[in-house]
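The values are calculated or read from the model by the stated rules, or taken from the named source; none is laboratory data. It should be emphasised that the depicted structure is a prediction, and the values quoted were computed from it without experimental measurement. Note that we place each Cβ from the backbone using ideal geometry, even for glycine, and neighbour counts take in every protein chain shown. Calculation scope for accessible area: heavy atoms of the full protein, side chains included, ligands and nucleic acids excluded. Shrake-Rupley method; radii C 1.70, N 1.55, O 1.52, S 1.80 Å.
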Amino acid sequence: MTDTMTSSSGGPGRLVLEAGRADAQYWRDLWHYRELFAILAWRDISVRYKQTVIGVAWAVIRPFLTMIVFTVIFGRVAQLPSDGEAPYAVMVFAGMLPWFLFSTILSESSNSLVTNSALVGKVYFPRLVIPSAAAVVSLVDFMISFTLMVLTMLWFWFLPDWRVLLLPVFVLLAMAAALGPALLLSALNVKYRDFRYIIPFIVQFGLYVSPVGFSSVNVPEGWRFLYGLNPMVGVIDGFRWCLLGGEAALNWSSFALSLGVIAFFLWYGIRVFRRTEKTFADLI
Amino acid sequence: MSDVVIRAEGLGKKYVIGHESTERYTALRDVLAQQGRRLLRSARDMAAGRALIAGEEREEFWALKDVNFEIKRGEVVGIIGRNGAGKSTLLKVLSRITEPSEGRVIIEGRVASLLEVGTGFHPELTGRENIYLNGAILGMTRAEIRRKFDEIVDFAGVEKFLDTPVKRYSSGMYVRLAFSVAAHLEPEILVVDEVLAVGDAEFQKKCLGKMQDVAGHGRTVLFVSHNMAAVQNLCSRAYFFQKGRKYAEGNTIDVIKQYLSTDCSELVTAGYISDKPRKGKQDLYFHRVLFNKTSGSSSESNPPVTGAPCEISLKLKGDPEVRGSARMGITFKDAFGNPLFLLANEASTPSILRVEDGSCVVCRIEKFPLTQGKYSISLFLEVDGVIQDWIEDGLSVEVEAGSFFGTSKNCPSGWEGKAVLVENSWKSTLQERNYHAS
């Protein structure tokens, strides 16, 4: 299919299929398939909560229990300081929101091509649609956890200031941070199925090297550069900066470094994905 | 603008396939060495960004090679050929699912491809939801689906079950709904693969009608099918593919004739069939098939004769370890591939049929019921519930003329090669009364 049925480009397009030909129409095609993107995302969301007992509750229980464990271990046992005056639980929660968003996108998107192999083998559409639609699904879980966060903040009567308005920007940043590696892994997963075993490892490992259970203020100055290479450092610090009001200071140099890493992975992920996309149907 | 909507120039598609070496490893050392080599190679492949291919040896395989053609606006072109001739690969290239390895295709206009009905159907979703989902996957917009929604539901005849998850649908309803969505696509170029092989006869007829409508509206249609009758009905022109190349093209009837004569050229005479394309586990497989085998060491096949007894001998080969009770079947098909009758031991012979490597199974027909002509046959073998060998295409047999009814005629002229004969007699009451009166 060269186009969706309502081609806004006007007139029938000429399409040349050739080996290794760069597709100039790709991004326009992607735009034409936005409805497919929406409908795939909607499908995944509605299927997700069908025939499940715990369903939505799972999205509540997981962050809630993790928050309690982290608050007890890092806050009470290890006696690590929080960001300023913010209660430790709220600080942990503000870090956990983007982390769970990141990790669910990473695991869902990376496997999305393989789970949708029937589509890939039988119909043409820009393949980027599949992992991106899977990423959107993670937003639903995020919204549920976010509601829980709001309740926690109300419980402690800890209210954010105007900076909370910038939160959507950081949500997008978290998605971008996840999508880059997810695209890379999903493309590799089509070729080499072992990559699906790597993902849980990355997620587990990442939880410890990212400031989820602790605050970035604990990181010694000498380690800042290495620490900032983790793209989630910038995202989580950004979340805390938005939600904890003036209590959390954003380390701008480390934030810029994270931004750079995110941009690099996004570019590299899309590049690898685009390069290998045409062979997906032969390999899957 | 020229009237050519699809032009292929030197089109080729290459796949790389791997073979396991057949050597059996007994020593642990050998197994380790082999695994090591494999790991090393995989690592090398990954570093070079190549796909991993199982097996020791690699072979390039051209599914399509040097294909050239032009299709004009409004033409309905049939593509025929045996399994593995490259038809499906061609459709995949045309519908952009996979890219060609060489050559190019120029397409003017919007293409919709239908390689399967119900692509992306989700069992948990309702009929209504699946219509939107499947429509979007096939490239329709939401507005377009909404506009045609009633028509789609009506065509499929599933009004009552619109809000039931499709996993509760009968397979017939499922297919009807799936095809109905596809049938309402309105592209300029439609590419269809073998989708009519599903559904009951009535629905198939409805689909053919719908496709004829599509073709009638000046749209270009590419139609792949094994159903020669459908190709003949729908298409004005046809291409015959063989071994990845376009072997013949032209007027549909001429091409079908050529296809049938080529297809039937490999008659069962010496009866060795090891090279035929087949499915199944292959621990035990058909080695030879012989009709009316002559006794003696140099067994040969003698063509079956209409009305005479016929014995079909099936020689099996394979792993000496594999033995068990068999379910076997021989299907006779006419030149168009329509099945005429089936011989199955399960139905006709209650006693257990035990088979193993070297077995020769004989199926006897007391009075061979086919008229003179060429027929194709397919063979099926299942041992202890495992499908071992299944040859669907590529075997054919020539039946010689004989008398079935003991009369001078077997069938009206023109029915040779397509009729199954059954014992019968006719009389009229008028005749009887006259007879008694006299």
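Any idea which residue in the range B:111-139 is farthest from A:LEU36 (Cα to Cα), counting only those that are among the β-branched types (Val, Ile, Thr) and within 7 Å of another protein chain (Cβ to nearest Cβ)?
B:VAL111
The sole residue among A:ARG43, A:ARG34 that is under 28 Å from A:ALA176 (Cβ atoms), touching a Leu at 6+ places or on another chain (Cβ under 8 Å) and among the basic types (Lys, Arg) is A:ARG43. Of all residues in the range B:112-135, exactly one satisfies the criterion of being in a helix (DSSP H, G or I), in contact with a Ser or Thr (Cβ under 9 Å, 6 or more places away or on another chain) and open to solvent by 10 Å² or more (accessible area, probe 1.4 Å), namely B:GLU129. Within the range A:189-219, if we keep just the residues that are open to solvent by less than 70 Å² (accessible area, probe 1.4 Å) and without any contact (Cβ under 8 Å) to a residue 24 or more places away in the chain, the residue that is farthest from A:LEU128 (Cα to Cα) turns out to be A:VAL219.
Yes/no per residue for (1) farther than 15 Å from B:PHE291 by Cα; (2) of a type in the set (Gly, Ala, Ser):
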{"site": "B:PRO309", "(1), (2)": "no, no"}
{"site": "B:LYS317", "(1), (2)": "yes, no"}
{"site": "B:ASN338", "(1), (2)": "yes, no"}
{"site": "B:PHE341", "(1), (2)": "yes, no"}
{"site": "B:ALA347", "(1), (2)": "yes, yes"}
{"site": "B:PRO350", "(1), (2)": "yes, no"}
{"site": "B:SER359", "(1), (2)": "yes, yes"}
{"site": "B:ARG364", "(1), (2)": "no, no"}
{"site": "B:THR371", "(1), (2)": "yes, no"}
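Tell me, please, whether a residue that is farther than 30 Å from A:ALA187 by Cβ and touching a residue at least 24 places away in the same chain (Cβ under 8 Å) can be found in the range A:96-119. No, every residue in the range A:96-119 fails to be farther than 30 Å from A:ALA187 by Cβ and touching a residue at least 24 places away in the same chain (Cβ under 8 Å). Of the candidates B:ASP163, B:ASP150, the single residue that is at pLDDT 85 or above, surrounded by fewer than 21 Cβ atoms within 10 Å (Cβ to Cβ) and assigned to a helix (DSSP H, G or I) is B:ASP150.
Give the residues of the range A:241-256 that are aliphatic (A, V, I, L, M) and open to solvent by less than 50 Å² (accessible area, probe 1.4 Å), sorted by residue number.
A:LEU243, A:LEU244, A:ALA248, A:LEU250
Among the numbered conditions (1) facing chain A (nearest Cβ under 9 Å); (2) surrounded by 20 or more Cβ atoms within 10 Å (Cβ to Cβ), the only one that B:ARG142 does not meet is (2).
A quick yes/no check of all residues on (1) more than 14 Å from every other protein chain (Cβ to nearest Cβ); (2) within 13 Å of A:ALA177 (Cβ to Cβ); (3) without any contact (Cβ under 8 Å) to a residue 40 or more places away in the chain:
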residue	(1), (2), (3)
A:TYR227	yes, no, yes
A:GLY234	yes, yes, no
A:ASN251	yes, no, yes
A:ALA256	yes, no, yes
A:TRP267	yes, yes, no
A:ILE270	yes, no, no
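The condition (being at pLDDT 85 or above and more than 14 Å from chain B (Cβ to nearest Cβ)) is satisfied by just one residue among A:PHE64, A:PHE37: A:PHE64.
Might you check whether a residue that is within 7 Å of another protein chain (Cβ to nearest Cβ), in contact (Cβ under 8 Å) with a residue 24 or more places away in the chain, surrounded by 23 or more Cβ atoms within 10 Å (Cβ to Cβ) and in a helix (DSSP H, G or I) occurs anywhere in the range B:93-110? Within the range B:93-110, one or more residues are within 7 Å of another protein chain (Cβ to nearest Cβ), in contact (Cβ under 8 Å) with a residue 24 or more places away in the chain, surrounded by 23 or more Cβ atoms within 10 Å (Cβ to Cβ) and in a helix (DSSP H, G or I).
If you go through the range B:64-80 one residue at a time, do you hit one that is open to solvent by 10 Å² or more (accessible area, probe 1.4 Å) and facing chain A (nearest Cβ under 8 Å)? No; the residues of the range B:64-80 include none that is open to solvent by 10 Å² or more (accessible area, probe 1.4 Å) and facing chain A (nearest Cβ under 8 Å).
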